Amino acid sequence: MIQITDHLYQVQDRVTQALKLAGRPDDKVRIVAVSKQKSADEIRRLYDAGQRDFGESYVQEAIAKQRLLEDCDICWHFIGTVQRNKTRPIAERFEWVHSIDRFQSARRLNDHRPEGAGPLNVLIQVNVSNEPQKSGIALDQVIGLARQISDLPMLDLRGLMAITRAGSSDFEAAQQFSAVRDSAEMLGAYGLRFDTLSMGMSADFESAIASGANCVRIGAAIFGPRHS
Ligand SMILES: *Cc1c(COP(=O)(O)O)cnc(C)c1O
């Protein structure tokens with residue numbers, strides 16, 4: 001059986017090393033364990049090893065697992081495409097949404113967020129690789145969307161999320177990560193609060209940390225490969 005808790009500890013060590021290399025030894029990086037296609041039992045094993053942040057891409061799949069894990073104090077992150085007809089369950093059942101790329105879905109999440117739950121933490125997904133088929137908005141539209149979102153009382157805009165182009169070299173990935181970081185710093189210059197840069201997956205999280213990421217979304221390096 002794959003020892004996923006060992007994989008988790010290895011990823012934690014690699015994050016610590018990457019922070020040292022980046023000259024940020026005292027910084028913290030939030031590791032979101034991406035559990036799509038993985039079972040509630042696997043999530044629970046990592047939870048018992050201390051992991052608290054888990055990321056899911058599909059609402060129905062996530063809810064089924066959340067029901068089995070109701071006794072756990074898990075912070076759930078939604079990282080998939082925000083479909084119009086799914087904004088209610090997302091707003092009700094997650095603490096973070098990493099993948100906002102249009103105002104309409106932001107407003108619907110705001111409207112569906114239960115009063116007692118407090119604001120939903122959201123990130124704007126940037127299409128940094130300029131692939132037309134990919135989710136995310138262009139870098140030059142980030143400020144406009146950020147301003148609109150900052151008017152929504154039940155959303156707390158925390159920063160940006162990006163996925164590098166598949167097959168990027170290390171150098172290309174680093175360029176994409178730096179472009180996102182620069183854009184996030186612009187948000188600050190416009191007086192918009194931001195404290196989270198969600199960049200880096202199994203293949204490139206060390207490079208993302210070198211470029212300033214403080215949240216990484218790790219699936220395969222913890223859980224092992226996904227089928228297709
Ligand atoms: C699946 C997924 C991940 C995790 O990818 P790995 O390569 O398995 O680490 C991270 N972010 C998003 C948005 C994903 O969809």
Cβ pairs under 8 Å, 6+ apart or interchain, first in the stretch 137-152 and open to solvent by 30 Å² or more (accessible area, probe 1.4 Å), second assigned to a helix (DSSP H, G or I), ordered by first then second residue, are 139/179; 139/180; 139/183; 148/103; 148/106
Quick one: is residue 158 of a type in the set (D, E, K, R), in contact with a strand residue (DSSP E or B) (Cβ under 8 Å, 6 or more places away or on another chain) and away from the ligand (no atom under 13 Å from the Cβ)?
-> yes
Out of all the residues in the stretch 13-36, is one or more of a type in the set (D, E, K, R), within 12 Å of the ligand (Cβ to nearest atom) and in contact with a helix residue (DSSP H, G or I) (Cβ under 8 Å, 6 or more places away or on another chain)?
-> yes
Restricting attention to the stretch 102-110, does a residue exist that is free of Cβ contacts under 8 Å to residues at least 60 places away in the same chain, within 16 Å of the ligand (Cβ to nearest atom), open to solvent by less than 20 Å² (accessible area, probe 1.4 Å) and closer than 21 Å to residue 52 by Cβ?
-> no
The one condition residue 184 fails out of (1) more than 15 Å from the ligand (Cβ to nearest atom); (2) open to solvent by 10 Å² or more (accessible area, probe 1.4 Å) is (2)
Name every residue in the stretch 92-101 that is in contact (Cβ under 8 Å) with a residue 40 or more places away in the chain and either more than 16 Å from the ligand (Cβ to nearest atom) or polar (S, T, N, Q) (or both), in order of residue number.
-> 99
In the stretch 153-175, residues that are in contact with a His (Cβ under 8 Å, 6 or more places away or on another chain) and open to solvent by 50 Å² or more (accessible area, probe 1.4 Å) total 0
Does residue 166 meet the test of being over 15 Å from the mean Cα position of the chain (by Cα), within 13 Å of the ligand (Cβ to nearest atom) and not in a helix (DSSP H, G or I)?
-> yes
Name the single residue, out of those in the stretch 189-228 being open to solvent by 40 Å² or more (accessible area, probe 1.4 Å) and in a helix (DSSP H, G or I), that is farthest from the ligand (Cβ to nearest atom).
-> 189
What about residue 113, is it open to solvent by less than 60 Å² (accessible area, probe 1.4 Å) and in contact (Cβ under 8 Å) with a residue 24 or more places away in the chain?
-> yes
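The values are calculated or read from the model by the stated rules, or taken from the named source; none is laboratory data. Worth saying up front: this structure is predicted, and the values here are computed from it rather than measured. Glycine also receives a Cβ, built like all others from the backbone with ideal geometry; neighbour counts cover every protein chain displayed. The protein model used for the area step is the full one, side chains on, heavy atoms only, and it has no ligands, DNA or RNA in it. Shrake-Rupley method; radii C 1.70, N 1.55, O 1.52, S 1.80 Å.
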